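*Asks:* Here it is, the structure in full.
The values are calculated or read from the model by the stated rules, or taken from the named source; none is laboratory data. Everything numeric here is computed off the predicted structure, so don't read it as measured data. Note that each Cβ is placed from the backbone with ideal geometry, even for glycine, and that neighbours are counted across all protein chains shown. The area values use the complete protein model at the heavy-atom level, side chains included, leaving out ligands, DNA and RNA. Shrake-Rupley method; radii C 1.70, N 1.55, O 1.52, S 1.80 Å.
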Amino acid sequence: RIAYAILRDPAEAEDVVQETYVRGYAKLDSLADPAAVGGWFARIAANEALDRYRRRRRHPTVSLSVGRPSAEAAMPADLSLASSAPDPERSAASRELRPLLEAAIDALPDSFRTVFVLRAVERMSVADTADCLGIGRATVKTRFFRARRLLRRALADHVGGAWVEA
């Protein structure tokens, strides 16, 4: 999810994940705190994805990809708008709002989208997000706040009063 949020290309994101595992396992013995392995791999993935993104911006190529990934692949399962109760009305509303939310997240500026995915989807702390992206903690907080505000506005424009209820 981190790699896809940065690159927006499922094939390249998959390459980043593979490279992350190769690099991570090669240096696993240098990990000081084994309990922090998840955050450690997340940082490796984010750094690899950011490196590829920067290289791609310096050397643009023609993309031959035809479509976007499915809604299931693009949006993590734990970012559900419905509660855990099996309410059919909520389930239907969630299915209708999900594509709108995905589009709104994709439309965020790159810096906001990356911070939003790391904080809201991956549930990384402010400190871990700042370390991962190489930016200050105040910058992480500001970008996350602004990303949420942009998402609220985008969703409110599409669903109006139903958004408040949802």
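*Asks:* Return the FRET efficiency for the residue pair residue 159, residue 36: r is the Cβ-Cβ distance, R0 is 35 Å, and the value is rounded to the nearest 0.05.
*Replies:* E between residue 159 and residue 36, to the nearest 0.05, is 0.35.
*Asks:* How large, in percent, is the carbon and sulfur part of the accessible surface of region 111-160 at a probe radius of 1.4 Å?
*Replies:* About 46 percent, which is the carbon plus sulfur part of the accessible surface.
*Asks:* Related question: Kindly state, to the nearest 0.05, the FRET efficiency for residue 23 paired with residue 137, given R0 = 25 Å and r defined as their beta-carbon distance.
*Replies:* Efficiency, rounded to the nearest 0.05: 0.45.
*Asks:* Right, something else. Per residue of region 14-26, in order, report the coupling 6.51 cos²θ - 1.76 cosθ + 1.60 (Karplus, θ = phi - 60°) as ³J(HN,Hα) in whole Hz, putting x for Gly and Pro.
*Replies:* Calculated HN-Hα couplings, in order: 5, 4, 4, 4, 4, 5, 4, 5, 4, 5, x, 5, 5 Hz.
*Asks:* Round to the nearest 10 and report in Å² the accessible area of residue 135, as given by a 1.4 Å probe over the protein chains' heavy atoms.
*Replies:* Roll a 1.4 Å probe over it and residue 135 shows about 40 Å².
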